[in-house]
Structures are given as C-alpha cells and as structure tokens.
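Novice: Dropping a structure here in structure tokens format, bear with me for questions.
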Amino acid sequence: MSAALSREPDEPPGCGLSGDAEQGIPQGLYVTLPAEELTLEGFAADGRADTMAPGPLLAMVLGAVAGENGEGLAGLSDDQLIGFLSGTGRMASRLAWARMAALAEFASRPRRQDFAADEVASAFGLNWMSAAGEIEYARTVARRLPVTFAALAAGKIDPNHVRIIEDVTSILSDEDAAAADEILAEAAQTSTYARLRRAATRLVLRLDPGAVRKRKEKARREARVRAFREESGNAGISGREMPSVEVLASMQHVEDRARALRESGVPGTWEELKVRATLDLLQERDSRPPPGSGSSTTATPATWSPPPPGTRPPGGA
C-alpha cells in the first residue's frame with residue numbers, strides 16, 4: 001500500500017502546482033492499494049478489510065464496496081456483510097471520537113471557554129443545555145478516561161461502551177477512575193453492554209466500597225417527578241431516583257387497586273387497569289361503578305380508601 005503527493009521529484013512538500021497538475025492531473029493525495037484490499041473475501045471474518053483500523057482508507061474501501069447507492073452490498077455473502085457492518089461500526093466509533101475530541105478542544109480555547117456551549121448550540125441547532133452537556137461529557141471522558149477514549153478512536157469499542165464506563169466510574173475520584181480506565185477499556189472490547197456494566201460496578205465497589213452509597217445519596221438529591229408529552233399526542237408521568245422501598249410499596253398499591261377495578265367489572269387489559277388505577281390514586285377518585293349499577297368506566301368522587309395493613313382490597317388475590 002502506498003501514498004504519494006502529486007508533485008515533481010525535486011519539489012519540496014507544500015509547494016504549488018506540480019508539473020502533473022499543469023498537464024491536467026489535479027494536485028492531491030493519491031492512494032494505491034494492492035488488489036486484495038478490495039476483494040470481497042477481505043470482508044470475511046478476520047480478513048484484511050474486516051480488521052482494518054478506522055480512518056480514511058477504511059472509509060474509502062467501504063464506499064467502494066457499497067457503491068454509490070448501496071448496490072454493491074447485494075454481492076456480499078453473509079460473512080462478508082457482517083464484516084462490512086463491523087467496518088461501519090469502527091468508523092462510527094472513530095467519528096464519535098472525532099466529534100468529542102473537537103468539542104473538548106473547542107471548549108478548552110481561552111477565548112471560547114465561557115461561550116463554547118452558546119456557539120455550538122447556535123452552529124448546530126441545539127438547545128443550550130444539550131450543547132453544554134455534550135461538551136462537558138467530552139471533556140470529562142478525555143480527561144478522566146484517556147485509555148477508554150483512545151479505544152473509541154481505534155474503533156475497538158463503541159460510544160455506548162464509553163457512556164457506561166463514564167457513568168459507572170463518575171462517582172470515583174480521579175485517581176480511582178484512572179485505575180479503572182485501562183481495565184474497563186479492555187473489558188469493553190469483548191463484553192455486551194450489560195456485562196460491562198456489571199463488571200464496572202464490581203470494579204468500582206472494589207476500588208471504593210462506599211461508592212454505591214455515595215451514588216444513591218447523590219442521585220436522591222436529584223429526585224424528580226415530571227409530566228411529558230408522548231409522540232403519539234398522549235402524555236406520561238415519570239418519577240426518578242425515588243426511595244426503592246417506597247416505589248415497591250407504591251407499585252403494590254397500584255396493582256391492588258387495578259385488581260379491585262377488574263373484579264368490579266371495569267373493562268380493559270391489565271396494563272390499562274394499572275393506568276386507570278394510577279390516575280385514580282393520584283387524583284383521589286374511584287373509577288369502580290357503584291354496587292348494583294353494572295360496569296362503568298366513568299370516574300366518580302373519591303370513595304375508595306386503602307385496605308387495612310395486611311389485608312387485600314375487594315377482589316384481590
């Protein structure tokens with residue numbers, strides 16, 4: 001494999017138009033590949049193209065194989081198509097690294113530090129909070145997890161691996177995060193997201209036994225309940241970082257009420273009844289029909305009260 005800049009042999013690098021350019025060949029960087037670099041067999045497991053590091057060469061090979069409109073993909077075998085997908089994954093990791101590195105660099109420049117989020121938000125149509133969050137994340141990873149960041153650049157892990165490692169180690173000191181960095185960057189290369197999170201959590205506990213307690217206390221200070229609009233036009237309610245015991249008790253209470261609704265004849269699937277039960281409890285109302293009136297779905301004024309401790313509501317089992 002070779003690369004050469006189109007210029008006369010005696011011209012120093014960076015000079016103007018070469019003799020070739022004057023003859024109609026544009027000046028630029030030309031890459032010559034051995035024929036085997038572009039064979040479809042190279043995309044099979046462990047083939048040359050399947051293991052190529054992410055960068056301009058891999059991008060060119062992927063583009064040449066896919067064709068302008070993707071027509072080349074039909075000629076790939078199953079193994080070759082998996083190899084092609086592997087290459088696109090490595091390129092995606094490289095591009096994610098490039099964006100993070102550029103954001104971190106932009107925000108580190110003295111004249112940009114105070115207004116970096118404003119400028120990024122304006123340039124790319126983001127809201128300020130999104131831009132500021134992305135910048136802070138990029139700077140944090142680059143500073144605290146350099147080995148993980150380098151693995152992303154090399155296409156050995158993907159952005160989700162990085163997000164998991166940063167999230168789980170965020171409670172650690174810089175010193176402990178540095179100790180975890182190399183171990184987790186290596187583990188991420190052969191781990192599913194779930195396995196990586198479990199491994200990272202175990203490592204964090206080993207480095208700082210009080211980490212779980214500190215994480216829980218920190219998160220609890222950020223507890224919140226919010227309403228939001230669904231894409232469908234409906235709405236939702238979410239509660240985050242609430243005490244575990246109280247959440248479990250609250251869900252049991254919702255299910256108890258849903259059973260009572262079902263046994264009283266209110267129609268609907270189990271999930272629909274849980275939704276109605278939740279809204280009943282939040283609004284202190286009762287959707288069960290009055291005794292002897294038949295099934296109804298109309299909410300009535302609050303008449304339902306929780307059962308005494310240790311008992312089940314009507315119809316509960």
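Novice: Looking only at the range 263-275, which residues are in a helix (DSSP H, G or I), of a type outside the set (Phe, Trp, Tyr) and out of contact with any helix residue (DSSP H, G or I) (no Cβ under 6 Å at 6 or more places or on another chain)?
Specialist: Of all residues in the range 263-275, those in a helix (DSSP H, G or I) come to 263, 270-275.
Then keep just the ones that are of a type outside the set (Phe, Trp, Tyr); that gives 263, 271-275.
Glu263, Glu271, Glu272, Val275, listed by residue number.
Novice: Inside the range 235-254, can you point out the residues that are open to solvent by 50 Å² or more (accessible area, probe 1.4 Å) and either at pLDDT 90 or above or basic (Lys, Arg) (or both)?
Specialist: Of the range 235-254, the ones open to solvent by 50 Å² or more (accessible area, probe 1.4 Å) are 235, 237, 240-242, 244-253.
Ala235, Ile237, Arg240, Val245, Glu246, Val247, Leu248, Ala249, Ser250, Met251, Gln252, His253 - these are the residues of the range 235-254 that are open to solvent by 50 Å² or more (accessible area, probe 1.4 Å) and either at pLDDT 90 or above or basic (Lys, Arg) (or both).
Novice: Also: In the range 286-297, is there at least one residue being at pLDDT below 90, polar (S, T, N, Q), closer than 30 Å to Ala219 by Cβ and open to solvent by less than 80 Å² (accessible area, probe 1.4 Å)?
Specialist: no
Novice: Let me ask another. What about Ala101, is it surrounded by fewer than 21 Cβ atoms within 10 Å (Cβ to Cβ) and in a helix (DSSP H, G or I)?
Specialist: Taking the combined requirement at face value, the residue satisfies it.
Novice: What's the number of the condition Ser232 fails, among (1) small (Gly, Ala, Ser); (2) in a helix (DSSP H, G or I); (3) open to solvent by 80 Å² or more (accessible area, probe 1.4 Å)?
Specialist: (2)
Each row is one residue, and each column tells you yes or no for (1) in a helix (DSSP H, G or I); (2) buried (at least 16 other Cβ atoms within 10 Å of the Cβ); (3) among the aliphatic types (A, V, I, L, M); (4) at pLDDT 90 or above.
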| position | (1), (2), (3), (4) |
| --- | --- |
| Ala49 | no, yes, yes, no |
| Met60 | yes, no, yes, no |
| Ala74 | yes, no, yes, yes |
| Gln80 | yes, yes, no, no |
| Gly83 | yes, yes, no, no |
| Arg90 | yes, yes, no, yes |
| Arg94 | yes, yes, no, yes |
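The values are calculated or read from the model by the stated rules, or taken from the named source; none is laboratory data. Model, not experiment: these values are computed from the prediction. Cβ sites come from the backbone with ideal geometry, for glycine too, and all protein chains shown count toward neighbours. Protein only, heavy atoms only, side chains kept; ligands, DNA and RNA dropped before computing areas. Shrake-Rupley method; radii C 1.70, N 1.55, O 1.52, S 1.80 Å.
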